[in-house]
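Undergrad: Next up is a structure, given as structure tokens.
The values are calculated or read from the model by the stated rules, or taken from the named source; none is laboratory data. The structure presented is a predicted model; accordingly, all values stated were derived computationally and were not measured. No Cβ is skipped: glycine too gets one built from the backbone with ideal geometry, and neighbour counts run over all protein chains shown.
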Amino acid sequence: MEKKTDVLLFLSQRPILSQSLQYSLKILEMSNLDLAEHVEEKLLENPFLIREYTSSTHSELVENIAHGRQMNDEVVEQLSFLHLDDRETEIAWSLIHNLSGGAYLNAETLGDISKEKNIDQLELLKIVNKLKKTSLSGMFAFNLQDKFKTFLENSGKYNEEYGKLIRNIDLVLSDDWSTLKRTCKLSDGALSQMISTMTGAFLSLDYFQGECAFPTSVDLVVETRVKNDLEVTINEESVPRVQFNGALHGESAKRCRSCADKKYVKENAASAELLIKSLNHRNSTLLKVAREVISRQKNFFVDKDKHLAPISSKSIANALFLHDSTIRRAISNKLVSTPHGTFEFKALLPRKISSDSEGISDYAIKKHMKKLIDREPRDNPYSDNSIVNFMHSMGINISRRTVAKYRAALNIPNSSDRVRVYKIRSA
């Protein structure tokens with residue numbers, strides 16, 4: 001019997017994401033806290049990325065750091081973590097209250113405290129060194145150089161190269177990079193990275209900026225304007241703004257001789273440009289999605305008696321001509337500050353629950369349940385079946401299992417446990 005061999009060809013299509021698109025989607029999914037950490041790592045690794053200062057020049061920034069606002073109250077909160085005895089705590093209070101206007105200690109202040117508290121200056125310096133271990137270590141520095149050195153020592157980054165840079169702080173303040181490179185014997189890339197580390201450290205410690213009106217971990221901010229108009233903005237305060245160092249890249253490209261050097265310059269330049277492009281894409285996409293969601297939930301933000309309307313990510317995607325997965329990435333791991341409090345972004349897109357009257361969201365059902373339980377008789381709390389009956393009377397068709405699930409999500413115990421809680425409270 002003769003055997004035959006057939007060759008069959010199949011043609012199929014499937015989407016394949018490029019590495020740049022995968023990276024862009026990864027950035028989109030990050031929260032501000034995760035993104036800030038990622039950008040800081042890139043600033044340290046990539047010599048062609050530099051921090052962008054919009055409201056201050058480099059010299060003004062360092063001056064603001066040096067003459068930062070007083071943060072005595074925050075320093076006091078740190079004392080509990082130092083395990084100081086009563087005597088040391090008393091000395092620490094004196095140091096805090098005697099800080100100079102520029103947030104620096106000086107020999108005269110130490111001398112006065114030494115006489116007033118009858119303590120040897122060597123012992124006093126030991127307490128100062130303990131205070132420098134707090135997260136606000138720079139407040140107890142003697143000058144700008146000491147402030148930089150203290151931070152670098154606490155973070156384990158201090159070495160002789162940083163020591164040379166700190167000793168030539170005047171050249172740093174004057175932006176005299178050519179003299180700095182000759183004096184400290186540093187390359188362009190090394191100097192750029194060290195300056196970025198030093199200035200970025202103080203930015204993250206918030207020595208000079210005013211108090212934020214909202215938590216820095218919030219990704220989006222919704223504010224009510226005139227005529228109940230809602231404005232949505234991205235909170236960029238907690239994410240460093242970066243730009244491409246074209247001058248350094250051009251100079252480095254000219255001096256490259258070996259293939260390894262050319263490859264290093266090319267890869268880092270591409271990485272820097274990709275990060276900047278991905279950050280811009282994240283901000284534009286996040287803002288576009290947020291505005292669409294907030295516009296659909298306007299009644300909730302304008303009228304506190306209204307509930308969140310059920311919205312699907314797919315409907316948002318269709319309206320914005322985006323993929324559903326892009327919407328889900330944009331709303332995940334994000335916090336939104338609103339006039340009604342801070343929400344998870346995904347909580348503003350509640351699921352639709354079927355009912356006899358009209359579509360109602362799971363958020364609204366939870367709110368109804370919470371009000372119902374808050375008003376229940378203390379001697380005879382409502383069971384899950386009773387709550388189901390109340391919901392049915394309101395035209396909301398849900399099962400007892402759904403009530404139990406939502407009650408657990410609200411951290412509300414069952415009726416028998418609530419009886420015990422009420423008895424304990426009334427005892």
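Undergrad: So which residues in segment 274-316 are assigned to a helix (DSSP H, G or I), of a type in the set (A, V, I, L, M) and surrounded by 19 or more Cβ atoms within 10 Å (Cβ to Cβ)?
TA: Of everything in segment 274-316, those that are assigned to a helix (DSSP H, G or I), of a type in the set (A, V, I, L, M) and surrounded by 19 or more Cβ atoms within 10 Å (Cβ to Cβ) turn out to be Leu275, Leu279, Leu286, Val289, Ala290, Val293, Ile294, Ile316.
Undergrad: Still on this structure, I have one more. Considering only segment 99-112, I want to know if a residue exists there that is exposed (fewer than 13 other Cβ atoms within 10 Å of the Cβ), more than 30 Å from Ile195 (Cβ to Cβ), modelled with pLDDT under 75 and not hydrophobic (A, V, I, L, M, F, W, C).
TA: Checked segment 99-112: at least one residue is exposed (fewer than 13 other Cβ atoms within 10 Å of the Cβ), more than 30 Å from Ile195 (Cβ to Cβ), modelled with pLDDT under 75 and not hydrophobic (A, V, I, L, M, F, W, C).
Undergrad: Right, something else. Can you give me the number of residues within segment 250-293 that are more than 18 Å from Val39 (Cβ to Cβ), in contact with a helix residue (DSSP H, G or I) (Cβ under 7 Å, 6 or more places away or on another chain) and polar (S, T, N, Q)?
TA: Number of matching residues: 1.
Undergrad: Follow-up. Could you give me the residue pairs with C-beta distances under 6 Å whose first residue belongs to segment 105-128 and is under 14 Å from Phe140 (Cβ atoms), whose second residue is of a type in the set (Ser, Thr, Tyr) and in a helix (DSSP H, G or I) wherever it lies, and which are 6+ apart or on separate chains?
TA: Ile113/Ser94; Leu124/Ser114
Undergrad: Here's another thing I want to ask about it. Filter segment 383-399 for residues that are under 14 Å from Pro413 (Cα atoms) and more than 41 Å from the chain's Cα centre (by Cα) and give the result.
TA: Listed by number, the list holds a single entry, Ser383.
Undergrad: On to the next question. Exactly one of these conditions fails for Arg255: (1) touching a residue at least 12 places away in the same chain (Cβ under 8 Å); (2) charged (D, E, K, R); (3) farther than 18 Å from Tyr23 by Cα. Give me its number.
TA: Against the list (1) touching a residue at least 12 places away in the same chain (Cβ under 8 Å); (2) charged (D, E, K, R); (3) farther than 18 Å from Tyr23 by Cα, Arg255 comes up short only on (1).
Listed here are the residues, each with its yes/no results for (1) modelled with pLDDT under 55; (2) surrounded by fewer than 19 Cβ atoms within 10 Å (Cβ to Cβ); (3) in a helix (DSSP H, G or I).
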| site | (1), (2), (3) |
| --- | --- |
| Asp6 | no, yes, no |
| Leu11 | no, yes, no |
| Pro15 | no, yes, no |
| Leu33 | no, yes, yes |
| Glu41 | no, yes, yes |
| Leu44 | no, yes, yes |
| Asn64 | yes, yes, yes |
| Glu74 | yes, yes, yes |
| Leu79 | no, yes, yes |
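Undergrad: Quick check on my filter: what residues within segment 257-266 are modelled with pLDDT of 85 or more and not hydroxyl-bearing (Ser, Thr, Tyr)?
TA: Residues satisfying the conditions are Cys259, Ala260, Asp261, Lys262, Lys263, Val265, Lys266.
Undergrad: Considering only segment 325-335, I want to know if a residue exists there that is touching a helix residue (DSSP H, G or I) at 6+ places or on another chain (Cβ under 6 Å), free of Cβ contacts under 8 Å to residues at least 60 places away in the same chain, outside any strand (DSSP E or B) and surrounded by fewer than 19 Cβ atoms within 10 Å (Cβ to Cβ).
TA: yes
Undergrad: Are there any pairs, at least 6 apart or on different chains, whose C-beta atoms fall under 7 Å, with the first in segment 400-420 and surrounded by 13 or more Cβ atoms within 10 Å (Cβ to Cβ) and the second not in a helix (DSSP H, G or I), and if so, which?
TA: Matching pairs, first to second residue: Ser415/Pro381; Ser415/Tyr382; Ser415/Ser383; Arg418/Pro381; Val419/Pro381.
Undergrad: Any residue that is at pLDDT 80 or above, part of a helix (DSSP H, G or I), in contact with a strand residue (DSSP E or B) (Cβ under 6 Å, 6 or more places away or on another chain) and not basic (Lys, Arg) - is there at least one of those in segment 356-371?
TA: No; the residues of segment 356-371 include none that is at pLDDT 80 or above, part of a helix (DSSP H, G or I), in contact with a strand residue (DSSP E or B) (Cβ under 6 Å, 6 or more places away or on another chain) and not basic (Lys, Arg).
Undergrad: Scanning segment 377-399 for residues that are touching a residue at least 40 places away in the same chain (Cβ under 8 Å) and under 20 Å from Arg418 (Cα atoms), which turns out surrounded by the most Cβ atoms within 10 Å (Cβ to Cβ)?
TA: Looking at residues that are touching a residue at least 40 places away in the same chain (Cβ under 8 Å) and under 20 Å from Arg418 (Cα atoms), I get Pro381.
Undergrad: Can you report the number of residues in segment 224-249 which are among the hydrophobic types (A, V, I, L, M, F, W, C), at pLDDT below 85 and either more than 28 Å from Asp34 (Cα to Cα) or loosely packed, with under 12 Cβ neighbours inside 10 Å (or both)?
TA: Result for segment 224-249: 1.
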